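The values are calculated or read from the model by the stated rules, or taken from the named source; none is laboratory data. In this text the structure is predicted, and so the values were computed from the model without any measurement. So basically every Cβ, Gly included, is an ideal-geometry build from the backbone, and we count neighbours across all protein chains shown.
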Amino acid sequence: PTIWRGPMVMSALEQMLKDVAWGNLDALVVDMPPGTGDAQLTMSQRVSLAGAVIVSTPQDIALLDARKGLNMFKKVNVPVLGIVENMSIFICPKCGEPTDIFGTGGAEQEALRLGVDFLGGIPLHKDIRTTSDDGTPIVLEAPNSIHSKSYRSIASAIWENVNKQRKVPPIIKGL
């Protein structure tokens, strides 16, 4: 495995943003590692962001990283659109029984405490991984599943918050 340090991350991120012919987009979603590292800072400094969505699992230790990320985005004037709780419950693929193996509600409580929107929870289920691995998102493979409904609800809430924040920004400044 390759370990990417600050300059490599920043170079790859800038290359992705300026060398890809994105065309006309309604939105560009960039999944980033948790925390407050070089990738997040570069993104917030080089791109006019409509907002950031903080994703965390329900455990207290994960919420510490989420809180740091949220505070960093606030410091650099990137609107925080809300918090999503990933792996909010485990749904048994055999019987469909939900179990909160990682706890539940931690991200919702954190959102309330920090004064940001709680956007929803994503259940932990094998079908989310297998459909993604096969190249078809769960929302297309099983559009009526609880997983798809969660994703669509969260996407709608994010889009609504983007539209409340400000007009759609130019995607890249200074590149």
Assess whether residue 125 counts as being at pLDDT below 95, in contact with a Pro (Cβ under 7 Å, 6 or more places away or on another chain) and under 27 Å from residue 25 (Cβ atoms). no
Do you know which residues across segment 113-139 are part of a strand (DSSP E or B) and either of a type in the set (A, V, I, L, M, F, W, C) or over 19 Å from residue 154 (Cβ atoms) (or both)? 118, 119, 122, 124
Flagged pairs (Cβ under 6 angstrom, 6 or more apart or on separate chains; first in segment 143-160, in contact (Cβ under 8 Å) with a residue 12 or more places away in the chain and closer than 22 Å to residue 97 by Cβ; second surrounded by 13 or more Cβ atoms within 10 Å (Cβ to Cβ) and among the polar types (S, T, N, Q)) are none
Just to be sure before I move on: is residue 154 in a helix (DSSP H, G or I), aliphatic (A, V, I, L, M) and modelled with pLDDT of 90 or more in the structure I sent? yes
For residue 67, indicate whether it is within 18 Å of the chain's Cα centre (by Cα) and among the basic types (Lys, Arg). yes
